[in-house]
Amino acid sequence: MSAPLLIIAAGGTGGHMFPAQSLAEVMLTRGWRVRLSTDARGARYAGGFPDAVEVVQVPSATFARGGLLAKAMVTPKIAMGILKATWRMFRDKPAVVVGFGGYPSIPALGAAVILRVPRMIHEQNGVLGRVNELFATRVAGVACGTWPTELPEEALSAHVGNPVRATVMERAGAAYIPPGDYPMELLVMGGSQGARILSDVVPPAIAGLPMEMLRNIRVSHQAREEDAERVIAFYAEHDIAADVQPFFDDVPRRMSEAQLVITRAGASTIADMSVIGRPSILIPLAAAVRDEQTANGRGLVDAGAAIMVPESALTPEALMEQIMTILSNPSGALQMANAALSVSKPEAAETLAGMVENLAAEGKKT
């Protein structure tokens, strides 16, 4: 008897792919076959998935990008993707399909609806993404990474938490060294590809710190490629030890070694910081239409684990004061680290895997 098949449908950003990867890792240990359904863009983020996961690229598209011609091709492209996914699913019927959001998840979820395959979705943010909103009432349930999450009244939901990757779990609850008169690490992240506003504001904020503090600071700064050269130059001009890259493939290590994390409030980043347990300064993405990053960070802020600074109030001087507040107060920083741990859900991936297996068992009865 062949192992049951789980199809994971996920979009092309780290926020969608990291929790999807976490579920894949757990399901493989439970003896399942796992297939990732995504598009060409999403496949670029699939490098961290275990080799045993089959990666299938299916056409999809979004109205949010491109000109008139590209928008005119969206519906035919999605229809073609659903057709291909349906044919593949008909030949190798999965036990369950789980969507993690993003437009590349549309074909597999659409095919699952057509073939009545047991299905569910996981929403990382405190506000449903557009694709998950579309399917929220067409699935068995919505597993919520952030609580509370705004949902349609008729949608069934459960607070699961955001699954974190095995590399994060390896550093869960790592001992925190409070700031002091010794080398200290700052981790600066603006999402999976960095953020321009952080490259504009964070370096001068750090440079404005008192010299007795600044001499101990080392910075890991994730910056976009087009911003990296000037960020590197700024740190060098101010004699600040800094490692500036467009993408860190060892974020769990850097986070566990950090005294402070300055970051956007993406759901996966929030989950990683909670599980590892680190103080943070959160700068939610102001351009987010549904302001989901503010919702994501509210739990950490309410617990006393983070300070939230809206973009409208983000200046080098204001940020410098917040950095000073944390780095000059070792006992307060330690309390923030412990507060982050108090709201973490390190069991999220196992909980989600249990829901998948329960859904598969229910599907066999129908």
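The values are calculated or read from the model by the stated rules, or taken from the named source; none is laboratory data. In this text the structure is predicted, and so the values were computed from the model without any measurement. When we count neighbours, we look across all protein chains shown, and the Cβ atoms used for this are built from the backbone with ideal geometry, even at glycine. Just the protein is used for accessible areas: all its heavy atoms, side chains included, with ligands, DNA and RNA removed. Shrake-Rupley method; radii C 1.70, N 1.55, O 1.52, S 1.80 Å.
In the stretch 253-266, is there at least one residue being farther than 24 Å from Ala175 by Cβ, within 21 Å of the chain's Cα centre (by Cα) and either open to solvent by 40 Å² or more (accessible area, probe 1.4 Å) or not small (Gly, Ala, Ser) (or both)?
yes
Sort through Ile78, Ile82, Ile114, Ile106 and tell me the only one that's farther than 20 Å from His159 by Cα and surrounded by fewer than 17 Cβ atoms within 10 Å (Cβ to Cβ).
Numbers: Ile78 fails: surrounded by fewer than 17 Cβ atoms within 10 Å (Cβ to Cβ); Ile82 fails: surrounded by fewer than 17 Cβ atoms within 10 Å (Cβ to Cβ); Ile106 fails: surrounded by fewer than 17 Cβ atoms within 10 Å (Cβ to Cβ).
Ile114 is the lone residue from the list that is farther than 20 Å from His159 by Cα and surrounded by fewer than 17 Cβ atoms within 10 Å (Cβ to Cβ).
Tell me, yes or no, whether the stretch 48-70 has at least one residue that is buried (at least 21 other Cβ atoms within 10 Å of the Cβ), in contact (Cβ under 8 Å) with a residue 60 or more places away in the chain and out of contact with any Leu (no Cβ under 9 Å at 6 or more places or on another chain).
The answer is no, given that none of the residues of the stretch 48-70 is buried (at least 21 other Cβ atoms within 10 Å of the Cβ), in contact (Cβ under 8 Å) with a residue 60 or more places away in the chain and out of contact with any Leu (no Cβ under 9 Å at 6 or more places or on another chain).
Which of the residues that make up the stretch 51-61 are under 26 Å from Phe90 (Cβ atoms) and assigned to a loop (DSSP other than H, G, I, E, B)?
Ala52, Val53, Val58, Pro59, Ser60, Ala61 - these are the residues of the stretch 51-61 that are under 26 Å from Phe90 (Cβ atoms) and assigned to a loop (DSSP other than H, G, I, E, B).
Restricting to the stretch 12-45, what's the tally of residues that are at pLDDT 95 or above, small (Gly, Ala, Ser) and in a loop (DSSP other than H, G, I, E, B)?
Looking only at that region, the number is 1.
If you go through the stretch 85-103, how many residues are surrounded by 16 or more Cβ atoms within 10 Å (Cβ to Cβ) and in a helix (DSSP H, G or I)?
5
Criterion first (more than 23 Å from the chain's Cα centre (by Cα), buried (at least 22 other Cβ atoms within 10 Å of the Cβ) and under 17 Å from Leu109 (Cβ atoms)) does Pro19 satisfy it?
Against the criterion (more than 23 Å from the chain's Cα centre (by Cα), buried (at least 22 other Cβ atoms within 10 Å of the Cβ) and under 17 Å from Leu109 (Cβ atoms)), Pro19 does not qualify.
Only residues that are in contact (Cβ under 8 Å) with a residue 40 or more places away in the chain and over 18 Å from Trp32 (Cβ atoms): list them for the stretch 345-365, please.
Listed by number, the residues that qualify are Lys345, Pro346, Glu347.
In the stretch 315-330, what count of residues is obtained for those that are farther than 10 Å from Val201 by Cβ, open to solvent by less than 60 Å² (accessible area, probe 1.4 Å) and either small (Gly, Ala, Ser) or touching a Leu at 6+ places or on another chain (Cβ under 8 Å) (or both)? Steps first, answer last, please.
From the stretch 315-330, those farther than 10 Å from Val201 by Cβ are 321-330; that's our starting set.
The next check asks that each one be open to solvent by less than 60 Å² (accessible area, probe 1.4 Å); those that pass are 322-324, 326-327, 330.
From what is left, the residues that are either small (Gly, Ala, Ser) or touching a Leu at 6+ places or on another chain (Cβ under 8 Å) (or both) are 323-324, 326-327.
The total comes to 4.
Tell me, please, whether a residue that is aliphatic (A, V, I, L, M), open to solvent by less than 60 Å² (accessible area, probe 1.4 Å), within 27 Å of Ile7 (Cα to Cα) and in contact (Cβ under 8 Å) with a residue 12 or more places away in the chain can be found in the stretch 331-344.
No, there is no match, as no residue in the stretch 331-344 is aliphatic (A, V, I, L, M), open to solvent by less than 60 Å² (accessible area, probe 1.4 Å), within 27 Å of Ile7 (Cα to Cα) and in contact (Cβ under 8 Å) with a residue 12 or more places away in the chain.
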